[in-house]
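Peer 1: The structure is given below, and queries will be raised subsequently.
The values are calculated or read from the model by the stated rules, or taken from the named source; none is laboratory data. Given the structure is predicted, the values throughout are model-derived calculations rather than measurements. Methodologically, a virtual Cβ is constructed for each residue, glycine included, from the backbone with ideal geometry; neighbour enumeration extends over all protein chains shown. Remember, those area values only see protein heavy atoms, side chains included, never the ligands or the DNA or RNA. Shrake-Rupley method; radii C 1.70, N 1.55, O 1.52, S 1.80 Å.
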Amino acid sequence: MQVEVSQGTALGIDIGGSGIKGAPVDLATGKLLAERFRIDTPQPATPKAVAETVGRVAANFTWSGPVGVTFPGVVTHGIVHTAANMDPGWVGIDAAKLFAPLLDLDQHEQVQVLNDADAAGLAEIAHGAGRGQDGVVLLLTFGTGIGSALFLDGRLVPNTELGHLEIRGKDAEDRASAKVKEDKDLSWGKWAGRVDEYLNHVEALFSPDLVIIGGGVSKNPDKFLPMLDLRARVVAATLANAAGIVGAALATAAHN
């Protein structure tokens with residue numbers, strides 16, 4: 001698929017535990033410029049196999065401009081430091097250098113790699129539920145684990161990884177992720193009770209003005225949001241499955 005590369009556009013690629021998906025993005029509006037393209041995440045999700053898949057996603061759009069890529073772990077200056085739900089061989093990898101040649105880019109500086117929840121947060125702040133919100137905003141994505149993105153007056157505090165806070169002797173994501181709800185066949189009410197306990201712990205630490213709930217559960221806000229009891233306003237994310245792609249693309253603009 002040929003997509004015209006122009007100023008104000010970038011390709012966003014979102015690496016997840018089950019799928020790697022991407023699309024070109026209009027940075028001014030957050031709109032996808034083509035239908036997103038998805039390939040199953042290779043198993044095992046080794047750096048070589050994932051990088052090749054990322055290259056295949058980019059090739060689908062015959063893309064030659066800036067590219068942003070998300071990764072489910074702590075990423076600083078393009079280097080991966082944790083990979084809880086990926087192959088341990090990722091730790092210590094310079095992902096930007098790994099991806100660049102497979103994206104047909106001459107310089108790894110043309111690739112921006114960031115934490116997946118941080119990318120979703122950037123998208124929601126720029127074009128979604130957090131747009132125009134000052135103060136402390138916290139995005140939490142409930143999926144295989146719990147991802148987090150923390151903002152102060154619109155500026156990202158990267159790699160917070162609040163899904164690993166301890167609740168009752170366990171990582172919070174081992175008690176309250178969407179995967180736990182599914183694996184344990186929890187009702188919305190029982191799951192919401194676990195989420196509420198976790199959110200009250202997070203609220204005590206950060207006192208957010210707004211909490212945005214993302215991930216697949218954001219499609220059903222009426223089934224759990226009314227059961228949450230926080231001081232902060234709590235809303236569902238609005239960009240759904242496009243958030244990671246949009247945020248990855250936006251990250252390229254922040255470095256230009």
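Peer 1: Restricting to the stretch 192-228, give me the number of residues that are in contact with a strand residue (DSSP E or B) (Cβ under 7 Å, 6 or more places away or on another chain) and aromatic (Phe, Trp, Tyr).
Peer 2: 2
Peer 1: Here's something else I'd like to know. Sort through 125, 146, 79 and tell me the only one that's surrounded by fewer than 20 Cβ atoms within 10 Å (Cβ to Cβ) and either of a type in the set (A, V, I, L, M) or in contact with a Lys or Arg (Cβ under 9 Å, 6 or more places away or on another chain) (or both).
Peer 2: None of the other options fit; the residue is 79.
Peer 1: Out of the stretch 219-252, which residues are of a type in the set (Gly, Ala, Ser), surrounded by fewer than 22 Cβ atoms within 10 Å (Cβ to Cβ) and at pLDDT below 95?
Peer 2: Matches in the stretch 219-252: 240 only.
Peer 1: Could you run through the stretch 4-48 and say how many residues are over 14 Å from residue 123 (Cβ atoms), free of Cβ contacts under 8 Å to residues at least 24 places away in the same chain and assigned to a strand (DSSP E or B)?
Peer 2: 4
Peer 1: Examine the stretch 84-98 for a residue that is in contact with a Leu (Cβ under 9 Å, 6 or more places away or on another chain) and either assigned to a strand (DSSP E or B) or in contact (Cβ under 8 Å) with a residue 40 or more places away in the chain (or both), and state whether such a residue exists. First the steps, then the outcome.
Peer 2: Let us first name the residues in the stretch 84-98 that are in contact with a Leu (Cβ under 9 Å, 6 or more places away or on another chain), namely none.
No, the stretch 84-98 contains no residue that is in contact with a Leu (Cβ under 9 Å, 6 or more places away or on another chain) and either assigned to a strand (DSSP E or B) or in contact (Cβ under 8 Å) with a residue 40 or more places away in the chain (or both).
Peer 1: Before we move on, is residue 205 at pLDDT 95 or above and open to solvent by less than 20 Å² (accessible area, probe 1.4 Å)?
Peer 2: On the way: at pLDDT 95 or above: yes; open to solvent by less than 20 Å² (accessible area, probe 1.4 Å): no.
Judged against the criteria, residue 205 is not a match.
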